[in-house]
Amino acid sequence: MKYFNQTTVTIVACLCAALFLYIRHGGGGSPEPRQVRYQSMNVDESRAQDLRKAREERKINLPDGSELGAEFVREQIKLISETPFEDKDLSFALRIPKTWNSSPLDRFVIPGMENDYSILTPVAKYSGPPIMSLQPFVEVKTVRLTKDIDLYPYAQIYFKEQAIAPETIQMRDDGSVDALYVQVFQGTQSYAIRARFFKQGDMAVSVHVALPLEAYGKYKHLLGLIINSFQFENPFVKDVEQKSSFRLLNILKFNHYESWVASNINRTSTADASLKLIHQDKRGGVVNGAIYIRSIRKDRFTGIDLDAALKMEIKRIEDKGYRLSGSLGDKPLPDTLAESYPESVRKTYKVQPDDGNKANETQDDFSRVQYGSATTDVYLDTSIVSTPKYYVFFSMLSPTPDSNYRVWAQNQFGYRQTLDSLVIRE
């Protein structure tokens, strides 16, 4: 995107205000609740949770196209199918107006690497006759993931990297993510854009339907029809990373991504066994996260209830060279664990390295975590599973969303996948 002067900025601001009016009044209908805008991708998790809750309660209505009716679809819409670059993993079907046609892609491809997708890559584009002198279009983009991540933070990262503040981001029941945003092309061409984000195997795929900003109120149902018609011909699920299985004595068994390497393994006794998983950066020498796993037998630690067990785990983290600087609230355990072991807990905290405890060897192992230039805060996610015989602790130390949102989101995904796979033998 080209840089533009102050006058242009003022014009764009006015156009964005116009979009708010279109959205709130539905192009002239009854007002809808005003959307709570996501102000920043770099907020702590408790604030992010508050914003997500507010957005869910007062989210912008995104039309699905059903109001256009069967007759309009029959007379004005066509169904197309495409297999980009003969890659069957990306084969899709889509409904677009009959007057829209395939358009050249804005991409450079090295011969033989058409299906590489190592960077965000346009794979299909269609455009229609000009509306208010600007061409409407739909574009499909994909990127091959190197670390798995939930689609909601993926969408946030996408907009952050594009320097876009979306009007809304919404989770859908099927796991995909919807968004509505304004983007300015070539300094003055302002578009309202509906987007939907999917996972297809080890790829993140997004569909973007765009038309001139001023035309949003008139054509918003058409955008909904197009975006809701997109579907893969061969949807499938695939792990982004290979997984390894780990067994701690005869007590715990779980799976973890191979980028998380087991170390500091203590198998001397079932009374107190432990290990550490290190999320090593592919460049080496940089630790992106650590999960401290421990099981203790209750008959060896008599009189310890769940609250005492939590205090004991916090003390263990502090002994590794950290001090608590604030609570970030509770989080839900995976459903399987919560149902099987209801007397369990998951809590999150903000912690900081303790300069007075630098000599501690374990803390030094983790001192290479990428804190970011603005903060030395570290994110602590602690789960304690209480079984009839054991307390099982999973405590993850990670960069905060403030310091490295992408790594934090990847760590959250890997942590949850490991907890999801946990099997405890009594």
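The values are calculated or read from the model by the stated rules, or taken from the named source; none is laboratory data. Bear in mind that the values here come from a model prediction, so they are computed numbers and not experimental data. Neighbour counts are summed over all protein chains in view; Cβ atoms, including those assigned to glycine, are modelled from backbone coordinates with ideal geometry.
Kindly provide the set of residues from the stretch 325-348 that are in contact (Cβ under 8 Å) with a residue 40 or more places away in the chain and within 12 Å of residue 378 (Cβ to Cβ), ordered by number.
Residues satisfying the conditions are 325, 328, 348.
For the stretch 140-156, which positions are among the basic types (Lys, Arg) and surrounded by 17 or more Cβ atoms within 10 Å (Cβ to Cβ)?
Those that are among the basic types (Lys, Arg) and surrounded by 17 or more Cβ atoms within 10 Å (Cβ to Cβ): 141, 147.
Every residue in the stretch 157-186 that is of a type outside the set (A, V, I, L, M) and surrounded by 14 or more Cβ atoms within 10 Å (Cβ to Cβ), please.
Listed by number, the residues that qualify are 158, 159, 160, 166, 167, 168, 170, 176, 178, 181, 183.
Which residues, taken from the stretch 375-398, are surrounded by fewer than 23 Cβ atoms within 10 Å (Cβ to Cβ) and more than 23 Å from residue 295 (Cβ to Cβ)?
Within the stretch 375-398, 375, 376, 377 meet the criteria.
Can you find even one residue in the stretch 118-128 that is within 19 Å of residue 99 (Cβ to Cβ), outside any helix (DSSP H, G or I), of a type outside the set (Gly, Ala, Ser) and modelled with pLDDT of 95 or more?
Yes, the conditions are met somewhere in the stretch 118-128.
Tell me which residues, restricted to the stretch 286-309, are in a helix (DSSP H, G or I), surrounded by fewer than 14 Cβ atoms within 10 Å (Cβ to Cβ) and over 33 Å from the mean Cα position of the chain (by Cα).
Hits for the stretch 286-309 are 299, 300, 308.
Kindly evaluate residue 356 against the criterion of being part of a helix (DSSP H, G or I), more than 23 Å from the chain's Cα centre (by Cα) and either at pLDDT 90 or above or loosely packed, with under 14 Cβ neighbours inside 10 Å (or both).
Against the criterion (part of a helix (DSSP H, G or I), more than 23 Å from the chain's Cα centre (by Cα) and either at pLDDT 90 or above or loosely packed, with under 14 Cβ neighbours inside 10 Å (or both)), residue 356 qualifies.
Step by step: first the residues of the stretch 180-230, then only those that are over 25 Å from the mean Cα position of the chain (by Cα) and of a type in the set (Ser, Thr, Tyr), then the one that is nearest to residue 129 (Cα to Cα). Which residue is that?
219
Residue-wise test of (1) out of contact with any strand residue (DSSP E or B) (no Cβ under 9 Å at 6 or more places or on another chain); (2) crowded, with 18+ Cβ neighbours inside 10 Å; (3) without any contact (Cβ under 8 Å) to a residue 60 or more places away in the chain; (4) part of a strand (DSSP E or B).
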| residue | (1), (2), (3), (4) |
| --- | --- |
| 204 | no, yes, no, yes |
| 214 | no, no, no, no |
| 223 | no, yes, no, no |
| 239 | no, no, no, no |
| 245 | no, no, yes, yes |
| 264 | no, no, no, yes |
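Quick check on the stretch 337-345. Is at least one of its residues part of a strand (DSSP E or B), at pLDDT 90 or above and out of contact with any His (no Cβ under 7 Å at 6 or more places or on another chain)?
Yes, the stretch 337-345 contains at least one residue that is part of a strand (DSSP E or B), at pLDDT 90 or above and out of contact with any His (no Cβ under 7 Å at 6 or more places or on another chain).
Here are 306, 337, 277: which of them is among the aliphatic types (A, V, I, L, M) and farther than 30 Å from residue 145 by Cβ?
306
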